[in-house]
Every structure is written in C-alpha cells, then in structure tokens.
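A.B. asks: Here's a structure for you.
The values are calculated or read from the model by the stated rules, or taken from the named source; none is laboratory data. Treat the numbers as computed from the prediction; the structure is a model and nothing was measured. Using ideal geometry, Cβ is built from the backbone for each residue, glycine included, and neighbour counts are taken over all protein chains shown. Keep in mind that these areas ignore ligands, DNA and RNA; they rest on the heavy atoms of the full protein, side chains included. Shrake-Rupley method; radii C 1.70, N 1.55, O 1.52, S 1.80 Å.
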Amino acid sequence: MAASRRARVYADFLLPHLTRDMHLVDVGCGSGELSLELAAEVDRLTGIDQDAAEIASARAAAVASSIGNADFEVGDAHAL
C-alpha cells in the first residue's frame, strides 16, 4: 500500500476514536485502500462509492487480503 494512503496519514484524527465494537461507514471509499486498513480497527466496515469499478477493486482487495469484516457497495452519498 502506498504510504500516502495510509490511515496514519489520512485518518490520524479518526484512529483514536475507533473501537472494536464499531461499524464504520466509509463514504467515497474508492478502491478501498484506506478502508481495508481501517477495517482492522473496527468490528465491521462498509465502504460506499458510486464507481462500480472501484467497488469491484475494493472487493477483490478485501478477498486478496483475507479481510472478512469489510463490505463494499455501489451507492450515492446523497442517497444513502
């Protein structure tokens, strides 16, 4: 994973607030790079993006990384 997409860079403000019993929703998750790293900090993560190709990439990355607590869905942030 590129260092520029690491949680400690992009979500440093969020990390101290995440708990193992939390369901985190990542709106605009793109290919899921950051989402998959955040999934390690919570019980469940749902990534949402309007780009179906990005969601397919995120799903494939979750499978390749054996991350089972992350789901990715095509969706519009304005119509959740």
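A.B. asks: Given the residues 54, 33, which is the only one that is open to solvent by 60 Å² or more (accessible area, probe 1.4 Å) and within 8 Å of the chain's Cα centre (by Cα)?
C.D. replies: Numbers: 54 fails: within 8 Å of the chain's Cα centre (by Cα).
Exactly one of 54, 33 is open to solvent by 60 Å² or more (accessible area, probe 1.4 Å) and within 8 Å of the chain's Cα centre (by Cα), namely 33.
A.B. asks: Scan region 68-80 for residues that are open to solvent by less than 60 Å² (accessible area, probe 1.4 Å) and of a type outside the set (A, V, I, L, M, F, W, C) and report the count.
C.D. replies: 2
A.B. asks: Could you list, in sequence order, all residues of region 56-74 that are outside any strand (DSSP E or B) and either closer than 25 Å to residue 20 by Cβ or among the acidic types (Asp, Glu) (or both)?
C.D. replies: Scanning region 56-74 gives 58, 59, 61, 62, 63, 64, 65, 66, 67, 68, 69.
Conditions (1) surrounded by 19 or more Cβ atoms within 10 Å (Cβ to Cβ); (2) modelled with pLDDT of 95 or more, marked per residue:
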residue	(1), (2)
7	yes, no
13	no, no
21	no, yes
26	yes, yes
37	yes, no
46	no, yes
60	no, yes
63	no, yes
66	no, yes
